[in-house]
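Participant: Please see the structure below; I have some questions.
Read the figures in this text as sums done on the coordinates, not as results from a lab. Computed from a prediction, not measured in an experiment: that's the story for all the values here. Cβ: placed from backbone, ideal geometry, glycine included. Neighbour counts: every protein chain shown.
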Amino acid sequence: MPPTRQLGNTDIHVTPVAMGCWPITGITSIDVNEADSLATLQAAVDAGINFFDTAYIYGYDGESERMIARALGPQRDRIVIATKCGLHWDENKTQARDARPETIQRECEESLRRLNTDRIDLYYLHAPDPNVPLAESAGAFRELLDAGKIRSVGVSNLSTTAQFEEFHGVCPITASQPHYNMLQREIEADQVPWCVEHDVSLCVYWPLMKGFLAGKLPRDHVWDPKDGRQKYPVFQGEQWDRTHDFLDKLRPLAEESGLTLPQLVIAWTIRRPGITAALCGAKRPDQIRDTAAAMTADLSPDTLSAIDQAIQERGEVASRPAVK
Ligand SMILES: NC(=O)c1ccc[n+]([C@@H]2O[C@H](COP(=O)([O-])OP(=O)(O)OC[C@H]3O[C@@H](n4cnc5c(N)ncnc54)[C@H](OP(=O)(O)O)[C@@H]3O)[C@@H](O)[C@H]2O)c1
């Protein structure tokens, strides 16, 4: 079994590769079906993953949570489930924020029901609500923690250390969930040091930059109109070409290391200081089997420095705040 890592200072231990359970709902991913989704969840467990990342908003009506219960219910005690509240789909199928204490309490009860469980291992505020002071949202998490409905608390999409301080002053934070990958590393400036100092685990999303760093999108890729990724600037124009040039430098490094490209990328990510887990999205069993193998991959010092050089030559990708 792959080695696990401690989540914050709790007694919860997670694998450094978590399965990200957004793609299995098919909202922005194409060619998704329920049989594959359920099989992908089981394949993750079979590949040694014990950590599953979902949210109320994954699926228009909590479908991702329901699938986790269906696929993994009998294995509940072997897995760590992280879910999130404070974001929902409005009547126009647009994401809306609501992190009032009463909403957090209600959404927690609903998630417990959908997940068919008596506790959530890690419960995140999905994103701060500009209309609700963070301390007020944190108060609701504190109550859920004290009531034993959740075992630990996380925050996602916070941008300043002042926000971390405000939340942490009311309710201890165990994990933070920002986006992070080889080309989007802005959290290294302040969020990573704050989290390391306060024993907060970083569980990062988009480690494969929404699949781009998996290296399977050809330069002349023709987008399916339903594929939600094409709206991001990194999938367009000069940014698109420069990232392809970058992937061309990574490919031989992966080959020399006996790894696939996604394995090289994830192996690098989970070795970064302060990073506890990479949340790897997948919609088919072969994808999660592939990324799971990164947990036991070795990267030599020469490979690591060649990766660093390729990253420097590519330059950072401007990040657009995105919540999902
Ligand atoms: N807190 C937040 O606001 C937030 C925001 C975004 C995501 N998340 C979490 O983070 C997770 C990861 O984000 P993500 O799923 O959007 O992006 P991701 O992990 O960066 O990329 C996932 C995509 O990469 C492709 N892929 C994965 N493994 C592959 C492999 N081995 N070979 C080839 N392609 C592979 C698949 O794309 P194809 O569809 O093309 O096959 C998959 O849908 C989510 O599932 C979710 O749990 C959280």
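Participant: Loop sites only, by DSSP: take the GluC sites (Glu not before Pro) in the chain that have at most 15 other C-beta atoms within 10 Å and name the longest stretch containing none of them.
Facilitator: 92-315
Participant: What angle do you read, to the nearest 10 degrees and between 0 and 90, between the alpha-carbon axis of helix 101-115 and the longest principal axis of the chain?
Facilitator: In the chain, helix 101-115 runs at an angle near 70 degrees to the longest axis.
Participant: If you place +1 on the Cβ of every Lys and Arg and -1 on the Cβ of every Asp and Glu, how big does the dipole about the Cα centre of the chain come out, in debye to the nearest 20? Don't skip to the answer; put the middle values down first.
Facilitator: Numbers: 34 positive and 46 negative charges, 99 e Å.
Rounded to the nearest 20 debye, it is 480 debye.
Participant: Treat each spin label as a single point 7 Å out from the Cα along the C-beta direction, and report the residue 9 to residue 147 distance in nm.
Facilitator: About 2.6 nm, to one decimal.
Participant: Which is the longest run of the chain containing none of the chymotrypsin sites (Phe, Trp or Tyr not before Pro) found in DSSP loop states (not H, G, I, E, B) with at most 16 other C-beta atoms within 10 Å?
Facilitator: It works out to 61-222.
Participant: Then there is this: Using just the alpha carbons, could you tell me how many Å³ per residue the convex hull of the stretch 5-314 encloses?
Facilitator: On the way: hull volume 40.6 nm³, N = 310.
In the stretch 5-314, the Cα hull volume divided by residue count equals 131 Å³.
Participant: Which Cα, out of 193, 175, 163, lies furthest along the positive dipole direction of the stretch 135-204 (beta carbon charges, K/R +1, D/E -1)?
Facilitator: 175
Participant: Can you give the convex hull volume per residue for the Cα atoms of the stretch 63-195, as a whole number of Å³?
Facilitator: Considering the Cα atoms of the stretch 63-195, their hull volume per residue is 131 Å³.
Participant: Quick one: which of 84/210; 149/283; 226/249; 93/216; 249/283 span more than 23 angstrom between C-alpha atoms?
Facilitator: The answer is 149/283; 226/249; 93/216; 249/283.
Participant: Here is a further query. Let me check I've understood the local charge: for residue 4, count other residues with C-beta under 15 angstrom from its C-beta, Lys and Arg +1, Asp and Glu -1. What total comes out?
Facilitator: -1
Participant: Which value results for Rg/Rh of the stretch 242-318 when Rg is the Cα radius of gyration and Rh the Kirkwood radius based on the inverse mean 1/r?
Facilitator: 0.95
Participant: If you don't mind, another one. Roughly what would the spin-label model give for residue 113 and residue 220, points 7 Å off Cα along C-beta, in nm?
Facilitator: 5.3 nm
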